[in-house]
Amino acid sequence: MTTNNVLIFDTTLRDGEQSPGATMTHDEKLEIAELLDDMGVDIIEAGFPIASDGDFAAVSEIARRSKRAVICGLARANFNDIDRCWDAVKHAARPRIHTFIGTSPTHRAIPNLTMDQMAARIHDTVTHARNLCDNVQWSPMDATRTEHDYLCRVVEIAIKAGATTINIPDTVGYTYPRESADLIAMLLERVPGADTIIFATHCHNDLGMATANSLAAVEAGARQIECTINGLGERAGNTALEEVVMAMKVRQDILPYQTGIDTTRIMTLSRKVAAVSGFAVQFNKAIVGKNAFLHESGIHQDGVLKNVETFEIMRPEDIGLTANNIAMGKHSGRAALRSKMRELGFDLADNQLNDVFVRFKALADRKKEVYDDDLIALVQDEERHEDEDTLQVKRLRVVCGTDGPQEAELTLTIDGVDHSIDATGDGPVDAAFNAVKMLWPHKARLQLYQVHAVTEGTDAQATVSVRIEEDGRIATGQSADTDTVVASLKAYVNALNRLIVRREKSGSDRPEVSYRDLH
Ligand code: KIV
Ligand code: ZN
């Protein structure tokens, strides 16, 4: 490899989205793809078109709307998958088909193919993909646990059949940095034609080494990193885009590689993906965690005030973080709100701005100080509610006391018709949820209920995340309000609305392919 440019391949919408509970709606996927494209991501893996009609529609639409990025779809090693993938990505200015098969001994046992039979399948499927599209990526799934001789053999076959990128996945997050580098170096040395294609690295974070393993692979000659925003992904997730990109930016002295990423967009993407996936970012997460640039201890604060380099290796502005100053007061106008929201990375349409403005005024009446994070919670909450939602919260009143069960009086609009009921429960949240169950009976089980304060103080807004499960379908919901019970109820109803959408989706005649079939 002669170039020091490293391509960034984002798979938030495929590997990230298919982790249980992280399901995104069609519109959310389109929005995220647009943000990724604007941020300078080189390749967007937009989905797995054969998986469902919804995935197909999202990949096709992302392909149609793409500007600069290559749009890629995933396909297993069969002609049906590859054809369906091509039908979706072909609308892009720069389409790519990504086809894969598990090559390690455990993965080979699943389709029950001999080594020779699998080699023939790889030849046929990559050839088929290349006849459709001149940009083909091939992955030997579980490459890091595949015998080296066999890996070299199949990589050579894929290159000869026309693959232009060979991705080396550490599917189960098993490898170690030195080993990750050695594997790429070994392939570059042993495989004929290896210098004519791009090697990619695709790491999972099961042992917490995904970022280190990806960067080690780059040092050995890989020139494409596959990653997701916030490290979203099944189990411990994928390599986090923000980590590899910022590591290369901050440590140019030892990692002299370039990416096309506009790092000032990182926070916007991080917030967006956290909000739509329902996977909140842990406070101490590298780069995008709430505490990543916070200096609490006296010694740190003192040092940073004197010279920021004492304890900071990068500037918050580099990732698009603005100081969490008091943002706006109740006298602030619409124009000020629009400009503040732009600064925070939200370009609101006029009708959205009007809605957010009304809610901002209501919040400013209730809360002494409105911070940037309050505004972000507000706008994300606004974006989550769709007019066509089956269930909408109209009114809630709870009665709390130290003795006896708590009571909730709830009016829920179901398919446009108001229904009211009184319910009791073990605490006001339980009472409110019971009221929903009585008005709209369902058998979804609550898997997760989490409350976070957006800012400090007893008048802080709470963001609530809820995850529910019904017959193996998982849906998440989030909401924010200064009243924790209201936020909880809205998050629960939001999750139920998503579950309804998922139920409708799986009612389609094309069977959904579970991602668990792959891993
Ligand atoms: O982790 C993995 O092996 C994958 C493949 C489908 C590339 O995601
Ligand atoms: Zn993966």
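Yes/no matrix, rows are residues, columns are (1) in contact (Cβ under 8 Å) with a residue 40 or more places away in the chain; (2) outside any loop (DSSP other than H, G, I, E, B); (3) under 31 Å from the mean Cα position of the chain (by Cα):
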| residue | (1), (2), (3) |
| --- | --- |
| Arg338 | no, yes, yes |
| Gly345 | yes, no, yes |
| Val356 | no, yes, yes |
| Gln380 | yes, yes, yes |
| Leu396 | yes, yes, no |
*Say we look at region 138-154 and pick out the residues that are polar (S, T, N, Q) and within 13 Å of ligand 2 (Cβ to nearest atom); which of these is surrounded by the most Cβ atoms within 10 Å (Cβ to Cβ)?*
Ser139
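The rows are residues; the columns are (1) surrounded by fewer than 23 Cβ atoms within 10 Å (Cβ to Cβ); (2) of a type in the set (A, V, I, L, M, F, W, C); (3) more than 26 Å from His452 (Cα to Cα).
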residue	(1), (2), (3)
Ala220	yes, yes, yes
Glu226	no, no, yes
Ile229	no, yes, no
Ala236	yes, yes, no
Thr263	yes, no, yes
Ile287	no, yes, no
*Any idea which residue in region 27-55 is farthest from ligand 2 (Cβ to nearest atom), counting only those that are over 17 Å from Ala92 (Cβ atoms) and in a loop (DSSP other than H, G, I, E, B)?*
Ser52
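Run down Ala75, Ala51, Ala92, Ala63 and say which single residue is under 30 Å from Gln478 (Cα atoms) and in contact with a strand residue (DSSP E or B) (Cβ under 7 Å, 6 or more places away or on another chain). Working first, answer last.
Working: Ala75 fails: under 30 Å from Gln478 (Cα atoms); Ala51 fails: in contact with a strand residue (DSSP E or B) (Cβ under 7 Å, 6 or more places away or on another chain); Ala92 fails: under 30 Å from Gln478 (Cα atoms).
Unique residue meeting the criteria: Ala63.
Hey, among Arg65, Arg84, Arg108, which residue is surrounded by fewer than 18 Cβ atoms within 10 Å (Cβ to Cβ), assigned by TED's automatic domain parsing to the domain that holds Ala240 and in contact with a helix residue (DSSP H, G or I) (Cβ under 7 Å, 6 or more places away or on another chain)? If you could, list the steps in order and put the result at the bottom.
Working: Arg84 fails: surrounded by fewer than 18 Cβ atoms within 10 Å (Cβ to Cβ); Arg108 fails: surrounded by fewer than 18 Cβ atoms within 10 Å (Cβ to Cβ).
After applying the criteria, what remains is Arg65.
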*What are the residue pairs meeting all of these: first residue in region 168-182, first residue more than 16 Å from ligand 2 (Cβ to nearest atom), second residue not charged (D, E, K, R), Cβ atoms under 6 Å, and 6 or more apart or on different chains?*
Pro177/Ala212; Pro177/Asn213; Pro177/Ala216; Ala181/Ala216; Ala181/Ala220
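Return the total of residues in region 419-463 being in contact with a Lys or Arg (Cβ under 6 Å, 6 or more places away or on another chain) and part of a strand (DSSP E or B).
Within region 419-463, the subset in contact with a Lys or Arg (Cβ under 6 Å, 6 or more places away or on another chain) is 447-448, 459.
Imposing the further condition that a residue be part of a strand (DSSP E or B) reduces the set to 447-448.
Matching residues across region 419-463 total 2.
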*Would you point out the residue of region 39-91, among those that are in contact with a Ser or Thr (Cβ under 9 Å, 6 or more places away or on another chain) and among the acidic types (Asp, Glu), that is farthest from Glu504 (Cα to Cα)?*
Asp42
_Scan of region 184-226 for residues that are closer than 24 Å to Lys160 by Cβ, away from ligand 2 (no atom under 16 Å from the Cβ) and of a type in the set (A, V, I, L, M), ordered by number_ = Ile184, Ala185, Met186, Leu187, Leu188, Val191, Ala194, Ile197, Ile198, Ala220
_Enumeration of residues in region 349-381 that are closer than 18 Å to Ala275 by Cβ and surrounded by fewer than 18 Cβ atoms within 10 Å (Cβ to Cβ)_ = Ala349, Gln352, Asp355, Arg359
*Where Met246 falls short, out of the listed (1) buried (at least 22 other Cβ atoms within 10 Å of the Cβ); (2) within 15 Å of ligand 2 (Cβ to nearest atom); (3) within 24 Å of Thr268 (Cα to Cα)*: (2)
*Got at least one residue in region 206-215 being assigned to a loop (DSSP other than H, G, I, E, B) and within 12 Å of ligand 1 (Cβ to nearest atom)?*
yes
*asked:* Let me spell it out: the conditions are (1) under 20 Å from the mean Cα position of the chain (by Cα); (2) outside any loop (DSSP other than H, G, I, E, B); (3) farther than 30 Å from Thr322 by Cβ, and Val244 meets all of them except one. Which number is the exception?
replied: (3)
*Of the residues that make up region 19-26, is at least one away from ligand 1 (no atom under 13 Å from the Cβ), in contact with a strand residue (DSSP E or B) (Cβ under 9 Å, 6 or more places away or on another chain), assigned to a loop (DSSP other than H, G, I, E, B) and at pLDDT 95 or above?*
no
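The values are calculated or read from the model by the stated rules, or taken from the named source; none is laboratory data. Computed from a predicted model, the values in this text were never measured in an experiment. When we count neighbours, we look across all protein chains shown, and the Cβ atoms used for this are built from the backbone with ideal geometry, even at glycine.
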